[in-house]
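The structure appears right after this line, and notes come after that.
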Amino acid sequence: MEQINAVITGVGGYVPDYILTNDEISKMVDTSDEWIMGRIGIKERRILNEEGRGTSYMARKAAKQLMQRTKSNPEDIDLVIVATTTPDYRLPSTASILCERLGLTRAFAFDMQAVCSGFLYALETGANFIRSGNYKKIIVVGADKMSSIIDYTDRATCPIFGDGAAAFMLEPTTEDYGVMDAVLRTDGKGLPFLHIKAGGSVCAPSYYTMDNHMHYIYQEGRTVFKYAVANMSSACESIIERNHLSKDELAWVIPHQANQRIISAVTQRLDVPSEKVMVNIERYGNTSAATLPLCIWDFESKLKKGDKLIFTAFGAGFAWGAVYVKWGYDSDTSSSAKSGQSPQKTE
């Protein structure tokens with residue numbers, strides 16, 4: 001029996017219309033465009049500011065575009081995995097809401113929470129469902145409305161994050177393409193350095209937690225920076241060694257878009273030239289679980305069938321890893337190219 005692997009057959013994405021610039025942020029807190037660009041590398045970020053719209057709205061936009069591009073019918077979808085840290089509600093799952101909004105009557109669905117590494121974890125999880133032989137079409141979404149958990153009086157965190165969503169379709173193949181390998185790790189030592197103090201079962205919401213801004217991200221930047229660079233680099237090096245890859249063979253490295261200095265440090269350690277690194281942090285900021293698929297959504301036209309890609313990310317937990325993918329289609333022959341849709345013009 002031929003071995004089944006999970007190949008990415010399409011991508012869809014969505015970013016909100018509203019653009020929050022560095023100049024606007026400099027009016028909220030004591031910062032400047034020069035400081036933000038020099039320290040983080042972000043010029044602007046998209047913000048979902050319409051009342052009553054949450055993560056599922058962006059996920060639906062991305063998944064709908066994905067289904068159109070791959071010519072998938074609602075009854076074709078077997079499973080939906082949504083990687084998010086900003087679900088619409090504590091319950092039910094955002095994935096379940098997505099199923100209802102898209103009319104996915106056959107699918108089962110669940111959320112996955114590994115913060116900025118969530119999409120890596122969800123991609124490998126989805127790939128394993130495909131490898132089981134029991135599932136034919138799986139939608140894997142990375143979506144976060146980070147603006148909902150950011151304190152816009154905190155100079156350290158408010159320039160970093162934005163909102164967005166993107167999605168991959170996974171399907172079975174017996175060809176030598178798809179999700180080839182993954183190195184995923186978690187280390188609970190990260191709790192003191194990157195967390196949201198209140199809102200969970202340890203510290204339930206109260207007037208005190210609200211008054212003291214305890215429902216927003218707290219980050220100790222220097223520590224996170226150090227761990228991110230070391231562990232993203234190590235995970236990528238493990239992937240390269242395990243799969244006997246040469247640096248010249250790699251078409252692209254797709255790093256989590258958290259900080260331009262982290263991206264530069266990781267790729268320098270890997271000795272990968274900047275022209276092989278996908279970067280769109282300047283326009284979108286850190287969209288957490290959405291950054292990796294949003295990069296592919298942006299750069300899809302540059303990808304060719306057989307391209308060897310390494311995705312890598314690091315997030316709260318600490319959770320990190322790398323995933324090796326052989327790209328499964330040429331952009332000029334893909335359904336996405338035929339559809340005439342561009343990343344900047346989503347429906």
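Ligands, DNA and RNA left out, the accessible area of the stretch 5-176 computed with a 1.4 Å probe is 48% carbon and sulfur.
Note that the stretch 5-176 presents 39 Å² accessible area per residue, ligands and nucleic acids not counted, probe 1.4 Å. Distance check, please: which entries in K64/K304; K61/K137; K64/K326 exceed 20 angstrom between their Cα atoms? From K64/K304; K61/K137; K64/K326, over 20 Å: K64/K304; K64/K326.
Among the DSSP helices (H) of the chain, those spanning at least 24 angstrom by Cα along their long axis with an average Kyte-Doolittle hydropathy of 0.0 or more are 221-242; this is a geometric and hydropathy rule only.
DSSP bridge analysis restricted to the chain gives an antiparallel fraction near 70%, rounded to the nearest 5.
Find how many whole Å separate the alpha carbon centroid of the stretch 44-85 from the alpha carbon centroid of the stretch 93-137. First find each Cα centre; the distance between them is then 12 Å.
Using a probe radius of 1.4 angstrom, the carbon and sulfur fraction of the accessible surface of the stretch 195-320 is 49%. Most fluctuating residue of V140, V82, V323 in a GNM of the chain with Cα springs under 10 Å: which is it? Answer for the Gaussian network model of the chain: V323. Return the label of the correct value of Rg/Rh (Cα atoms, Kirkwood Rh), as calculated from the structure shown, out of (i) 0.99; (ii) 0.95; (iii) 1.05. Identified label for the calculated read-out: (ii).
Extending 7 Å from the Cα toward the beta-carbon at both R222 and R269 defines two label points whose distance is 1.8 nm. On full extension, the segment bounded by A156 and E50 gains 35.7 nm, given 0.36 nm per residue less the C-alpha separation. Each peptide in 34-41, 315-322 was scored by the mean count of other Cβ atoms within 10 Å over its residues; highest first, the order is 315-322, 34-41. Largest to smallest in accessible area, the residues R53, R222 fall in the order R222, R53 (1.4 Å probe, all protein chains included). Between M37 and K247, the FRET efficiency from the beta-carbon distance, with R0 = 25 Å, is close to 0.30. Pairs of C-alpha atoms in the stretch 5-176 farther apart than 27 Å represent 31 percent of all such pairs. For A83, the residues whose amide H sits under 5 Å from its own are M112, V141, G142, A143, ignoring neighbours fewer than 5 places away on the same chain, with H placed 1.01 Å from N. Our helix-only sum for the chain, with -39,500 (n - 2.57) per DSSP H run of n ≥ 4 divided by its residues, gives a mean residue ellipticity at 222 nm of -9000 deg cm²/dmol. In this label model, K276 and T21 are separated by 3.7 nm, measuring between points 7 Å along each Cα→Cβ vector. In the stretch 180-327, the ratio of gyration radius to Kirkwood radius, Rg to Rh, stands at 1.04 when only Cα atoms are counted. Largest GNM mean-square fluctuation across E300, E24, E124, computed for the chain with C-alpha springs under 10 Å, falls on E24.
The values are calculated or read from the model by the stated rules, or taken from the named source; none is laboratory data. Keep in mind it's a predicted model, so treat the numbers as computed, not measured. With ideal geometry, Cβ positions are generated from the backbone for all residues, glycine too; neighbour counts draw on all protein chains shown. For accessibility, only protein heavy atoms count, side chains too; no ligands or nucleic acids. Shrake-Rupley method; radii C 1.70, N 1.55, O 1.52, S 1.80 Å.
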